[in-house]
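Q: Provided herewith is a single structure, encoded as structure tokens, for subsequent inquiry.
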Amino acid sequence: MNKLWRFNGGVKLSGFKSLSNAAGVKRPPLPKRLYLPLQQHIGAPAEALVEVGDKVYKGQLIAASSSFISAPVHASSSGTVVELKKHIIAHPSGIAEDCIVIETDGKDEWHSSISALSNPDALDLDELRSRISEAGVVGLGGAVFPSGAKLKPTRSIDTLVINGAECEPYITCDDRLMRTRPREIIRGLLLLRRLVNPTECIIAVEDNKPEAVQHLRRAIDELKSEGIGSVSTVRVVAVPTLFPAGGEKQLIKVLTGKAVPQRGLPYEVGVVCLNVGTTAAVYDAIYEGKPLISRLVTITGPNVKHAANYEVPIGTPVQHMLDIAGADDTGGGEQNRLIMGGPMMGHVLPNAQVPVVKATNCILVEPKADVVPTTAMPCIRCGSCADVCPMHLLPQQLYWHARGKAFDKLDHHNLADCIECGCCAVACPSKIPLVHYFRFAKTEKKEFDAKAIFADQSRVRMQIREARIAQRERELEERKAKRKADRLKKKKAKAAAAAASANASVDDQDQASNGVSV
Amino acid sequence: MILSAIVVLTLLAILFGLLLGYAEKHFHIEGDPVVDQIDALLPQTQCGQCDYPGCRPYAEAIADGEADINQCPPGGQPGIVALAELLGREPKPLNESHGEESIKTVVIIDEKICIGCTLCIQACPVDAIVGATKQMHTIIKDECTGCDLCIPPCPVECIYVIPRDTGLDAWSWPEPRALQG
């Protein structure tokens, strides 16, 4: 058996996974309206291709990728585009962003261009890569980085890691996916394997999901017996359950012992890492020709009646899902706090009108009554936070500098490396909301830097303008001086000429008088 | 004894005088580094609300002790604190007679009304307006500092102040509440 390493720190958490992982994947009825944000991924927002009144079909491209790091958006059901407007999105700010609003017609008709490929294994690599990008596949583990851009590594890759760790409490969508679609995950993995050409492939699952491990291993055996030889390079590895084992850098450390360099990417140590959901989406994109238009979402919480995993069309309002899951009988969501993601790294949703997006892995419904307001006590410098930090940071130092807004010091202590996992806040005996401070400091620093860049730019523009004005004045002055000199010269010449002619006439007169006298 | 002391001290005085003279010539710095440091802390809005014709002149005035550090509304309280720290003074509240700290704004030209007189172009301190005589003018929003200097010269009042676009990129997490105790 292969050796496993361990990452620094981490915390053991209660899973609460049995709330939602017992039931199979459910398909909810379609909502009346779908709200599809143009930006659901890291990078440039997509550009809308449809107009109000257009009829769209399921899987139709409705917004195109606008740069290398960007992803297209597809209609997740058939219907009519009724609005292009700013709608509140799943972001802690509650800011409204550009969305395409589709009124569904209930027929759920596929677009005519969507059909299964006859021979996907014969596709050449570039075609494969561009099909993945065109299908709008992004990292479904939470980072929503466009996957196509990840699949063209500039160096040789040793290990392809498929991340099924799912270390956050409450979330079970990857668990359920691995149990229901293990074959698709492995065939998706084999496609990725062709693209990045690694020496080994690992599917990593936390050891609290034995069923998922079993299903995956059985699927590998099945595929092997069906004569797919390349599947023998794939291993399923159960990693110890320790939050945040599912963090990309932590998982790579556990599996390979390699540390991804600071501010670096996994490919620099010869690893490419993708989520199991992404891998299944790659399978759908290539074998079925289907773009990424739905995803598994865990709807869970202590009081949710039908807590389970739902296959939700992207753009479905969260309220629709809460109604179906029986999360909220009064309909207003007033007595619940909604968290998108898990309790550790998720964030509170501004309200239930926000749509489910590609990044939505879980909606955690917490009764507000259960949320105990904690009073933070002063930091006693015990150092517990540094012991549990999986990124080898000093949260306690960062905390002081975040409070003092000392941006240079925050830089010095590598604030940018913080993955906001929340281990430090869990470990803190004074209950200081450390992650909140770090998120605040990160955005504050970004703003500070942006201001400095803008000020520099304005200063340069001002200087250029002043130099230009000064030069123009100088030129004007010179021209004026030149004109004056010219005028003076002309005047002098005129005077000289006049004097000369006067002299000449005097001479003439003299001559005339002389002549007369002669 | 006294004589030798006088001689030694005189010689020393001459030596140091020469050294200082040499240093003055050879290690001369163009401009005032303090002014540069102050200028780097100012927001470069170039709005003139401080009663000086731009951020650099204000920086010079602060360095000369002519102007106080609390005359810059766009810099706001954080700006005053930064200046106080640099100059080793006590921070003080913003002098309201120069204006109030407000949200970041930009201006926009109503292109239907604009007559193309170029007066605003001449007023803009950062060249953020493009246009030509009797042609429509427009503002380069990304370059506009929100100084509002283009508004008074406009003869047809077609320039409006709008808040700077606050998208996701400009959003900040709220500051956590201060701890108790």
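The values are calculated or read from the model by the stated rules, or taken from the named source; none is laboratory data. Nothing here was measured: the structure is a model prediction, and the numbers come from that model. Quick reminder, even Gly has a Cβ in these numbers, built from the backbone with ideal geometry, and neighbours come from all protein chains shown.
Q: Only residues in the range A:42-56 that are over 10 Å from A:GLU83 (Cα atoms) and assigned to a strand (DSSP E or B) count as the first member; pair them with residues that are of a type in the set (A, V, I, L, M) and modelled with pLDDT under 90, Cβ under 9 angstrom, at least 6 apart or cross-chain, and list the lot.
A: Filtered contacts from the range A:42-56: A:ALA44/A:ILE69.
Q: Among (1) assigned by TED's automatic domain parsing to the domain that holds B:THR45; (2) in contact with a helix residue (DSSP H, G or I) (Cβ under 7 Å, 6 or more places away or on another chain); (3) of a type in the set (S, T, N, Q), which single condition is B:GLN77 missing?
A: (2)
Q: Which of the residues belonging to the range B:68-84 are among the β-branched types (Val, Ile, Thr) and crowded, with 22+ Cβ neighbours inside 10 Å?
A: Within the range B:68-84, the subset among the β-branched types (Val, Ile, Thr) is B:69, B:80-81.
If the condition is that a residue be among the β-branched types (Val, Ile, Thr) and crowded, with 22+ Cβ neighbours inside 10 Å, then B:ILE69, B:ILE80 are the ones that fit.
Q: Here is a follow-up. In the range A:402-445, how many residues are of a type in the set (Val, Ile, Thr), within 12 Å of chain B (Cβ to nearest Cβ) and not in a helix (DSSP H, G or I)? Let's see the steps before the verdict.
A: Going through the range A:402-445, the residues of a type in the set (Val, Ile, Thr) turn out to be A:419, A:426, A:432, A:435, A:443.
Narrowing the set further to residues that are within 12 Å of chain B (Cβ to nearest Cβ) leaves A:432, A:435, A:443.
From what is left, the residues that are not in a helix (DSSP H, G or I) are A:432.
Result for the range A:402-445: 1.
Q: If you go through the range B:107-121 one residue at a time, do you hit one that is over 23 Å from the mean Cα position of the chain (by Cα), within 11 Å of chain A (Cβ to nearest Cβ) and not β-branched (Val, Ile, Thr)?
A: No, the range B:107-121 contains no residue that is over 23 Å from the mean Cα position of the chain (by Cα), within 11 Å of chain A (Cβ to nearest Cβ) and not β-branched (Val, Ile, Thr).
Q: Output yes when any residue across the range B:104-126 is part of a loop (DSSP other than H, G, I, E, B) and within 15 Å of B:GLY75 (Cβ to Cβ), and no when none is.
A: yes
This table checks each residue for (1) outside any helix (DSSP H, G or I); (2) within 30 Å of A:GLN335 (Cα to Cα).
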| position | (1), (2) |
| --- | --- |
| A:GLY264 | yes, no |
| A:GLY277 | no, no |
| A:ALA280 | no, no |
| A:TYR283 | no, no |
| A:LYS290 | yes, no |
| A:VAL297 | yes, yes |
| A:TYR310 | yes, yes |
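Q: I would also like to ask the following. Find all pairs meeting these conditions: Cβ atoms under 8 angstrom apart; at least six residues apart or on different chains; first residue within the range A:62-85 and part of a strand (DSSP E or B); second residue hydroxyl-bearing (Ser, Thr, Tyr).
A: Correct list of pairs: A:GLY79/A:THR104.
Q: Is it true that some residue in the range A:89-105 is in contact with a Ser or Thr (Cβ under 6 Å, 6 or more places away or on another chain), in contact (Cβ under 8 Å) with a residue 40 or more places away in the chain, surrounded by fewer than 21 Cβ atoms within 10 Å (Cβ to Cβ) and not basic (Lys, Arg)?
A: yes
Q: Right, something else. Please specify each residue of the range B:9-44 satisfying the condition of being in contact with a helix residue (DSSP H, G or I) (Cβ under 7 Å, 6 or more places away or on another chain) and within 14 Å of another protein chain (Cβ to nearest Cβ).
A: B:VAL35, B:GLN37, B:ILE38, B:ASP39, B:LEU41, B:LEU42, B:PRO43, B:GLN44
Q: With the requirement that a residue be within 14 Å of chain B (Cβ to nearest Cβ) and on the phi > 0 side of the Ramachandran plot, what does the range A:62-107 give you? Outline the logic, then answer.
A: Of the range A:62-107, the ones within 14 Å of chain B (Cβ to nearest Cβ) are A:86-99.
Matches in the range A:62-107: A:GLY94 only.
Q: If you don't mind, there's one more thing I want to ask. Within the range B:94-110, does at least one residue satisfy the condition of being of a type outside the set (Phe, Trp, Tyr) and touching a Ser or Thr at 6+ places or on another chain (Cβ under 7 Å)?
A: The initial filter retains those residues of the range B:94-110 that are of a type outside the set (Phe, Trp, Tyr), namely B:94-110.
Those left that are additionally touching a Ser or Thr at 6+ places or on another chain (Cβ under 7 Å): B:109.
So far as the range B:94-110 goes, yes, one or more of its residues are of a type outside the set (Phe, Trp, Tyr) and touching a Ser or Thr at 6+ places or on another chain (Cβ under 7 Å).
Q: Please go through (1) more than 23 Å from A:ILE339 (Cα to Cα); (2) away from every other protein chain (no Cβ under 14 Å); (3) in contact with a helix residue (DSSP H, G or I) (Cβ under 8 Å, 6 or more places away or on another chain) for A:CYS362 and return the number of the only condition it doesn't satisfy.
A: Every listed condition holds for A:CYS362 apart from (1).
Q: Just to check your reading of the model, which residue among A:ARG194, A:ARG176 is buried (at least 23 other Cβ atoms within 10 Å of the Cβ), touching a Ser or Thr at 6+ places or on another chain (Cβ under 9 Å), over 20 Å from A:GLY247 (Cβ atoms) and of a type outside the set (Gly, Ala, Ser)? Walk me through how you get there before you give the answer.
A: On the way: A:ARG194 fails: buried (at least 23 other Cβ atoms within 10 Å of the Cβ).
Only one candidate passes the filter, namely A:ARG176.
Q: Name the pairs: first residue in the range A:451-479 and assigned by TED's automatic domain parsing to the domain that holds A:PHE407, second residue among the charged types (D, E, K, R), Cβ to Cβ under 6 Å, at least 6 apart or on different chains?
A: Sorted first by the residue in the range A:451-479, then by its partner, the pairs are A:ARG461/B:ASP127; A:ARG465/B:ASP127.
Q: Can I ask one more? Just the residues that are within 26 Å of the chain's Cα centre (by Cα), assigned to a loop (DSSP other than H, G, I, E, B) and more than 13 Å from every other protein chain (Cβ to nearest Cβ), please, taken from the range B:129-181.
A: Hits for the range B:129-181 are B:ASP148, B:CYS150, B:ILE151, B:PRO152, B:PRO153, B:CYS154.
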